[in-house]
Amino acid sequence: MGVIKWLLKFLRKILVFLLVSSVLAVVAYRFVPVPVTPLMVIRCCEQIKNKKQLKMHHSWTPLSNMSPHMPVAVIASEDAHFLEHHGFDTKAIQDAVEYNKTHIHKRGASTISQQTAKNVFLWQDRTWVRKGLEAYFTLLIELFWSKQRIMEVYLNSIEMGDGIYGVEAVAQDHFGKSAKELTRAECALIAVSLPNPIKRSSIAPNSRLRKLQRIIERRMKATPPFPMEENDDVSSKRKNK
């Protein structure tokens, strides 16, 4: 019994440590740039394993230094209700469940908040453990971060090409300009590449990607500008949900 009690006490301490450290990490990233993500490390290890040239282009830039079209593009493409939900889009989840019942190619329903939680704190597989941790970190970032901060971290951390992470890096590598200078069309093209930026390259888009780009550009025209600071309109929308 003594060994069992010691083991339970030890496990409790580990659990408390993990909970406290996860909260502290989320709070810290509310204020400081995310220097590296698990996916960046994994991709570098894959490059070394496959004897490829090591490449990790990641250049943090504030949301205010990005094209105003960029957050609008990813909202139009990835998460139409980003400003209204609290991390999870229940309607999108229900729609995905119904769609996946009758289609071979499955549709996901991850919000920008969920993708940010996964990109910054977790790994990429589809196990239930990872999904559970993703939900936990999604709740934390929705609690401690503003929508603007979530968008800023998302656009700086997401994979956007082979060894390319974040909008500043993809703007420089694929378009030869800064993130601030990206046009509406270029932002739409980047957004439609995000589900699989290795195969859907924004530097060499095929006809299908161009078609998706035009669809997102039309959606962007009906999407309001992204608020650069928390305001009463955004706050009241979230409180009323």
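The values are calculated or read from the model by the stated rules, or taken from the named source; none is laboratory data. Model, not experiment: these values are computed from the prediction. Neighbour counts run over all protein chains shown; Cβ positions are idealised from the backbone, glycine included. Just so you know, the surface numbers come from the protein's heavy atoms only, side chains and all, with ligands and any DNA or RNA stripped out. Shrake-Rupley method; radii C 1.70, N 1.55, O 1.52, S 1.80 Å.
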* Asked: Any idea which residue in segment 116-156 is surrounded by the most Cβ atoms within 10 Å (Cβ to Cβ), counting only those that are polar (S, T, N, Q), at pLDDT 95 or above and out of contact with any Pro (no Cβ under 9 Å at 6 or more places or on another chain)?
  -> Thr116
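State whether one or more residues within segment 174-190 are closer than 20 Å to Lys118 by Cα and either touching a strand residue (DSSP E or B) at 6+ places or on another chain (Cβ under 7 Å) or open to solvent by 30 Å² or more (accessible area, probe 1.4 Å) (or both).
yes
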* Conditions (1) surrounded by fewer than 10 Cβ atoms within 10 Å (Cβ to Cβ); (2) of a type in the set (Gly, Ala, Ser); (3) at pLDDT 95 or above: number failed by Ser67 -> (1)
* To do: List every residue pair whose Cβ atoms lie under 8 Å apart, where the two residues are 6 or more positions apart in sequence or sit on different chains, the first residue falls within segment 83-110 and is among the acidic types (Asp, Glu), and the second residue, located anywhere, is at pLDDT below 75 and buried (at least 16 other Cβ atoms within 10 Å of the Cβ).
  => Asp89/Ala109; Asp95/Ala109
* **Near pairs, Cβ below 6 angstrom, 6+ apart or cross-chain, from segment 149-167 (within 17 Å of Pro205 (Cβ to Cβ) and small (Gly, Ala, Ser)) to any residue that is in a helix (DSSP H, G or I) and open to solvent by less than 10 Å² (accessible area, probe 1.4 Å)** => Gly161/Val170
* Report yes if Asp162 is within 18 Å of Leu189 (Cα to Cα), open to solvent by 40 Å² or more (accessible area, probe 1.4 Å) and touching a Lys or Arg at 6+ places or on another chain (Cβ under 9 Å), otherwise no. => yes
* To do: Those residues that are modelled with pLDDT of 90 or more and out of contact with any Pro (no Cβ under 9 Å at 6 or more places or on another chain), I need them from segment 225-241; list them, please.
  => Pro227
* **Candidate set: segment 13-44, residues that are touching a residue at least 60 places away in the same chain (Cβ under 8 Å) and charged (D, E, K, R); chosen: the one nearest to Phe137 (Cα to Cα)** => Arg30
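Residue by residue through segment 20-51, note down the ones that are exposed (fewer than 12 other Cβ atoms within 10 Å of the Cβ) and farther than 17 Å from Val120 by Cβ.
Val20, Cys45, Glu46, Ile48, Lys49, Asn50, Lys51 - these are the residues of segment 20-51 that are exposed (fewer than 12 other Cβ atoms within 10 Å of the Cβ) and farther than 17 Å from Val120 by Cβ.
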* So which of Ser146, Ser178, Ser157 is of a type in the set (Gly, Ala, Ser), more than 12 Å from the chain's Cα centre (by Cα) and within 18 Å of Val26 (Cβ to Cβ)? -> Ser146
* Structure fact -> If we keep only residues of segment 128-148 that are in contact (Cβ under 8 Å) with a residue 12 or more places away in the chain and among the basic types (Lys, Arg), then the residue nearest to Ala109 (Cα to Cα) is Arg130
* Structure fact -> Taking segment 192-224 and keeping residues touching a Lys or Arg at 6+ places or on another chain (Cβ under 7 Å) and either modelled with pLDDT under 90 or surrounded by fewer than 18 Cβ atoms within 10 Å (Cβ to Cβ) (or both) leaves Leu209
